[in-house]
Amino acid sequence: MRYSLGFILAISLAGLQFLAIIIVVSTSFVSSERAMLDHARGLMRDAGLNAVDHTKRFLEPARESADLASRILQSEVVSTADPAEMERYLFRHLQSKAQLSGIYYGDEAGNFVYVMRSNGPGPYRTKFVAIDGEERTTELIWRTEDFSVVERVFDPEDIFDPRGRQWYINASTAKAGVWTSPYIFFSSQQPGITVAAPVLQSNGALEGVVGVDIEIAEISEFLSGLAIGTEGAAIILSDSAEVIAHPDQTQISVEDADGTLGFAQIDDLGDPIARTALADFNPAAVSAQGSMQSEFAYQGDRFMTLLLPISGIDLPWTIAVFAPENDFIQGIKDNRRRNTWIAAIISLVTAAVGVLLAELILRPVRAFAVRTALVSQGEVSTNAPLPRTYQELRKANQTLIHEIAQRRDADRKVEELSRDMSHFSRVNVMGQMATGLAHELSQPLTAITQNVDAAITVAKLDPNPNAELLSILTELDEQAHQGGDIIRALRGFVRKDEGKAEHFDLSELIAQTSRLMHNETDTHGVTINTQLAPLPPAIGNRVQIAQVLINLMRNAVDAMVGAASTPKQIVITARQNGDKIEVWVDDTGPGVAKDVTLFKQFQTSKPDGLGLGLSISRSIIEANAGHLWYDRTGADRSRFCFTVPCETT
Amino acid sequence: MRKDQTSRSTVFLIDDDDKIRTTLSRALIKRQFNVRAFESATRFLEEYDPAEPGCLVLDYGLPEMNGLELQKVLADKQIAIPIIFISGHGGVPESVQAMKAGAVDFLEKPFRQHVLVDCITAAFAADMAARALEMDRKSTQERFSKLTTREREIANFMIANPSNTASKEVGRELNISPRTVDHHRARILEKLGIHSVAELIDLSNLVTDLT
């Protein structure tokens, strides 16, 4: 494990927290953004429809006025032949309709009566153009609210002819009420529009045309008062893409090349956002589809556009509403940014909490780990009180303490065995050398005494025995026996306490001696395996049997290393056989050659060996009422066997 | 006497050391003993006929089956040949063990020849005596087996009650007339080749089962 528990806990907690918050925030953002944008479109549509409605309501009286006047004149309620009566009628009508700026009637002869609001000597001004044959009279009369004359002048210079004006031509051609294109009124320099209605004779022929002027600057004022988000705006466009109403009225009129005022085109607008929004304006498509929605981007900000036709009053106008999306979703975006920061801060806090928590969780674990290390090094007693910790660790501790105690106990026993064995072998090798020498010498001495005896017997057979020869042979016999006595004395001298037989666990002893061999076997890459059946207690001298096991294992290691065998493996098998335990020490070495006499003292195949190991081992085993031999039956292994008496039940 | 014994008995020598086998055999042969030498206990067991009288001169420290083990095997087979141990290791515990198991003697190499010879002689005597006793026991047993059921009944009664051997008492006990007892008694003594009831009681010590 490369990372600490604390680190993992902190990262996981913080990461999960951050992820959860981000997911919640972004899903709520996406859904709320969509909802807000839908809402925004609704708002824009409402604003657009509102503007449409307002425009229609604003323009409706003009049309009604024109229709009413045309019907009145046509039905001769007011005679078109009497200009004074007509003026009175038109004056009263204009007075009652505040939003109209002028109302007038022109006939086929070129006569013209025009009542308009005025900034001049009186609040109203009437213009009469009377045509009498070739003679033409133009009179201007300013009146007060109560129709009394303020000033009256003639204008011989005037050449106005209603029949050449657009409103007249349109109405006479259509024989129906018509709107003219919007224009800038010459007199007031305000944008306006004219509605004209024909006055027909009873035979259907045109008698004249009634016209009503209405200034539409008021629509621009209405648009400027319209709230569409905070930055949104609505403008009204004519079918020739002229800007006829704009929240900023100064944007509407531009001076043409000939010095007259005309409506601004879209490209003339000072507002680049409006220009971008309406770049692809197509009035025909708008009126065909009813309404059009679109989005566009300007300098990184997103905008929404809504185009609505003004329907119902025969005006080919379009209301364009556009607003930046941020007007509606800026709050959400801000909220999202804020939430992201909050998520980050919460994550950091969570991470900190995770670190603290991990620290809190880990403290007992660490204390436990430190204690365990100290216990295993023996610096703290296993009985020392356990630091406050978790139940799981408490259980682990019990197991561990038990394990450590067992291992220490095993170590102590192995150490004891090793100590006992080195003492034993120090004392024993001397004794073994002596007894071995004694045995080796006793054989030839015995042979000598036997030969001497045979010689004496033979010599005595002679009827005349050679006395000198007999004397020499007798002496020789005596000397050989003196040698024998010395050996016996030596044997008696070194014969030491063989140790008492005891009951011991042979399996445990095999395990302990295997551990004692670890250094040697590890160095040479030898493995030791044991195959131990359940065994009854063995009877004998434990330390001496251990010495034999060590001797046999060491021989096995030497043999395998000497022959560079692979694999190098020692297998120790022990099983009960009647009143004995039989132990096999197998190795994967080359085995013992047929011509080698095993168990003979002072005979060895090792360059630095004494040749005592096997003979000592055998005498030890025999002293313990057992038996040691070499088993030649296996082909693929070398096996030494010995027996140790055991308890029988 | 020796000549007589040696002509009939054999020294069975077992030692794994061929020098010992050669020299010891030669010396004993020179002293008029019959000697047969074996290199191992196994070989000896293969070739030995228990009917052959003699004694065993046995090396204690043999490989594979050692002297003590051979002693045990022989005891298990009820072969009572006397054993003289010879040992290059000496060793009081070993000798004690060997003697307990019935060895005649335990000699440490090198030993004085007259000691060995005395041991062998004693062993031969013991062997002969044992064999003679065995022979007696066998012939007595054989003779006892010739008795009829009634005779055996009477003989057993007399052996069991040596103080009540009068015909009257035996007859009363076995519910037969004293005359018949007298008649049977004469037949028993005749068949066993003895002359008195006292001899019958002596003989009964030799045999283990009379019934």
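The values are calculated or read from the model by the stated rules, or taken from the named source; none is laboratory data. Everything numeric here is computed off the predicted structure, so don't read it as measured data. Virtual Cβ from ideal backbone geometry, glycine too; neighbours counted across all protein chains shown.
Exactly one condition in (1) under 26 Å from A:L509 (Cβ atoms); (2) outside any helix (DSSP H, G or I) is false for A:S381; which is it?
It fails just one condition, (1).
Scan segment A:81-96 and tell me whether some residue there is polar (S, T, N, Q) and in contact (Cβ under 8 Å) with a residue 60 or more places away in the chain.
No: segment A:81-96 contains no residue that is polar (S, T, N, Q) and in contact (Cβ under 8 Å) with a residue 60 or more places away in the chain.
Pick from A:A396, A:A410: which is away from chain B (no Cβ under 14 Å), within 56 Å of the chain's Cα centre (by Cα), more than 30 Å from B:I20 (Cα to Cα) and in contact (Cβ under 8 Å) with a residue 60 or more places away in the chain?
Only one candidate passes the filter, namely A:A410.
Mind checking which pairs have a first residue in segment A:559-577 that is free of Cβ contacts under 8 Å to residues at least 12 places away in the same chain and at positive phi and a second that is surrounded by 17 or more Cβ atoms within 10 Å (Cβ to Cβ) and among the small types (G, A, S), Cβ under 6 Å, 6 or more apart or different chains?
From residues that are free of Cβ contacts under 8 Å to residues at least 12 places away in the same chain and at positive phi, there are no pairs.
Out of the residues in segment A:56-80 that are touching a residue at least 24 places away in the same chain (Cβ under 8 Å) and charged (D, E, K, R), state the one that is surrounded by the most Cβ atoms within 10 Å (Cβ to Cβ).
A:R63
A:D420 passes all but one of (1) more than 14 Å from every other protein chain (Cβ to nearest Cβ); (2) over 30 Å from A:V548 (Cα atoms); (3) surrounded by 15 or more Cβ atoms within 10 Å (Cβ to Cβ); which number fails?
(2)
Conditions tested, residue by residue: (1) over 30 Å from A:I456 (Cα atoms); (2) surrounded by 13 or more Cβ atoms within 10 Å (Cβ to Cβ).
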residue	(1), (2)
B:D127	no, yes
B:A130	yes, yes
B:R143	yes, yes
B:T148	yes, no
B:E151	yes, yes
B:F157	yes, yes
B:G171	yes, yes
B:P178	yes, yes
B:A186	yes, no
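Going through segment A:30-55 one residue at a time, which ones are surrounded by fewer than 19 Cβ atoms within 10 Å (Cβ to Cβ), in contact (Cβ under 8 Å) with a residue 60 or more places away in the chain and of a type outside the set (A, V, I, L, M)?
Selection gives A:S32, A:E33, A:H39, A:R41, A:R45, A:N50, A:H54.
Among the residues of segment A:599-631, which ones are within 12 Å of A:N555 (Cα to Cα) and either in a loop (DSSP other than H, G, I, E, B) or modelled with pLDDT of 80 or more (or both)?
If the condition is that a residue be within 12 Å of A:N555 (Cα to Cα) and either in a loop (DSSP other than H, G, I, E, B) or modelled with pLDDT of 80 or more (or both), then A:T604, A:S605, A:K606, A:G609, A:G611, A:L612, A:L614, A:S617 are the ones that fit.
For segment A:305-321, what are the residues that are modelled with pLDDT under 85 and either part of a strand (DSSP E or B) or among the polar types (S, T, N, Q) (or both)? Full working, then the answer.
As a first pass, look at segment A:305-321 and keep what is modelled with pLDDT under 85: A:310-316.
Matches in segment A:305-321: A:S311 only.
Condition check: surrounded by 16 or more Cβ atoms within 10 Å (Cβ to Cβ) and at pLDDT 90 or above. Does A:L473 satisfy that? Break it down into steps so the answer makes sense when it comes.
Working: surrounded by 16 or more Cβ atoms within 10 Å (Cβ to Cβ): yes; at pLDDT 90 or above: yes.
Spelling it out, A:L473 is indeed surrounded by 16 or more Cβ atoms within 10 Å (Cβ to Cβ) and at pLDDT 90 or above.
Does A:R495 meet the test of being in contact with a strand residue (DSSP E or B) (Cβ under 8 Å, 6 or more places away or on another chain), within 11 Å of chain B (Cβ to nearest Cβ) and at pLDDT below 85?
No: the conditions fail for A:R495.
Give the residue, chosen from A:E520, A:E468, that is touching a Lys or Arg at 6+ places or on another chain (Cβ under 8 Å), more than 8 Å from chain B (Cβ to nearest Cβ), of a type in the set (D, E, K, R) and not in a loop (DSSP other than H, G, I, E, B). Talk me through it step by step, then tell me what you get.
Working: A:E468 fails: touching a Lys or Arg at 6+ places or on another chain (Cβ under 8 Å).
Being touching a Lys or Arg at 6+ places or on another chain (Cβ under 8 Å), more than 8 Å from chain B (Cβ to nearest Cβ), of a type in the set (D, E, K, R) and not in a loop (DSSP other than H, G, I, E, B) holds for just one of A:E520, A:E468, which is A:E520.
Just to check your reading of the model, which residue among A:I401, A:I448 is more than 11 Å from every other protein chain (Cβ to nearest Cβ), part of a helix (DSSP H, G or I) and of a type outside the set (D, E, K, R)?
None of the other options fit; the residue is A:I401.
With the condition being more than 14 Å from every other protein chain (Cβ to nearest Cβ), under 26 Å from B:N205 (Cα atoms) and at pLDDT below 85, I'd like the helices (runs of 4 or more DSSP H) fully within segment B:41-146 carrying at least 2 qualifying residues.
So the answer is B:113-144.
Could you please let me know if A:T435 is loosely packed, with under 12 Cβ neighbours inside 10 Å and either in a helix (DSSP H, G or I) or not assigned by TED's automatic domain parsing to the domain that holds A:S619 (or both)? So that I can check it myself, show each step before the final result.
Numbers: loosely packed, with under 12 Cβ neighbours inside 10 Å: no; either in a helix (DSSP H, G or I) or not assigned by TED's automatic domain parsing to the domain that holds A:S619 (or both): yes.
Against the criterion (loosely packed, with under 12 Cβ neighbours inside 10 Å and either in a helix (DSSP H, G or I) or not assigned by TED's automatic domain parsing to the domain that holds A:S619 (or both)), A:T435 does not qualify.
For A:P463, work out the one condition from (1) within 23 Å of B:F33 (Cα to Cα); (2) more than 7 Å from chain B (Cβ to nearest Cβ); (3) part of a helix (DSSP H, G or I) it doesn't fulfil.
Answer for A:P463: the failing condition is (3).
For A:M430, which of the numbered conditions (1) within 25 Å of B:S25 (Cα to Cα); (2) in contact with a helix residue (DSSP H, G or I) (Cβ under 7 Å, 6 or more places away or on another chain); (3) away from chain B (no Cβ under 14 Å) fails to hold?
A:M430 satisfies all of (1) within 25 Å of B:S25 (Cα to Cα); (2) in contact with a helix residue (DSSP H, G or I) (Cβ under 7 Å, 6 or more places away or on another chain); (3) away from chain B (no Cβ under 14 Å) except (1).
Quick test of your reading of the structure: A:D158 fulfils all but one of (1) over 25 Å from A:A130 (Cβ atoms); (2) part of a loop (DSSP other than H, G, I, E, B). Name the failing condition by number.
All conditions are met except number (1).
So which of B:I20, B:I84, B:I29, B:I79 ends up being in contact (Cβ under 8 Å) with a residue 24 or more places away in the chain and more than 20 Å from the chain's Cα centre (by Cα)?
That would be B:I20, the only listed residue that is in contact (Cβ under 8 Å) with a residue 24 or more places away in the chain and more than 20 Å from the chain's Cα centre (by Cα).
Give just the number: which of (1) crowded, with 19+ Cβ neighbours inside 10 Å; (2) among the charged types (D, E, K, R); (3) assigned by TED's automatic domain parsing to the domain that holds A:Q189 does A:K127 not satisfy?
Result: A:K127 passes all but (3).
Just name the residue that is surrounded by the most Cβ atoms within 10 Å (Cβ to Cβ) out of those in segment A:192-223 that are charged (D, E, K, R) and within 20 Å of A:I244 (Cα to Cα).
The qualifying residue surrounded by the most Cβ atoms within 10 Å (Cβ to Cβ) is A:D213.
Going by the structure shown, is A:I266 closer than 21 Å to A:L43 by Cα, within 54 Å of the chain's Cα centre (by Cα) and in contact (Cβ under 8 Å) with a residue 12 or more places away in the chain? I'd like the intermediate steps shown before the answer.
Numbers: closer than 21 Å to A:L43 by Cα: no; within 54 Å of the chain's Cα centre (by Cα): yes; in contact (Cβ under 8 Å) with a residue 12 or more places away in the chain: yes.
Considered against the rule, which asks whether it is closer than 21 Å to A:L43 by Cα, within 54 Å of the chain's Cα centre (by Cα) and in contact (Cβ under 8 Å) with a residue 12 or more places away in the chain, A:I266 comes out as no.
Restricting attention to segment B:1-30, report how many residues are at pLDDT 90 or above, within 14 Å of chain A (Cβ to nearest Cβ) and over 17 Å from A:L445 (Cα atoms).
4
Within segment A:117-155, how many residues are assigned to a strand (DSSP E or B) and either under 16 Å from A:D213 (Cβ atoms) or of a type in the set (A, V, I, L, M) (or both)?
Total meeting the criteria: 13.
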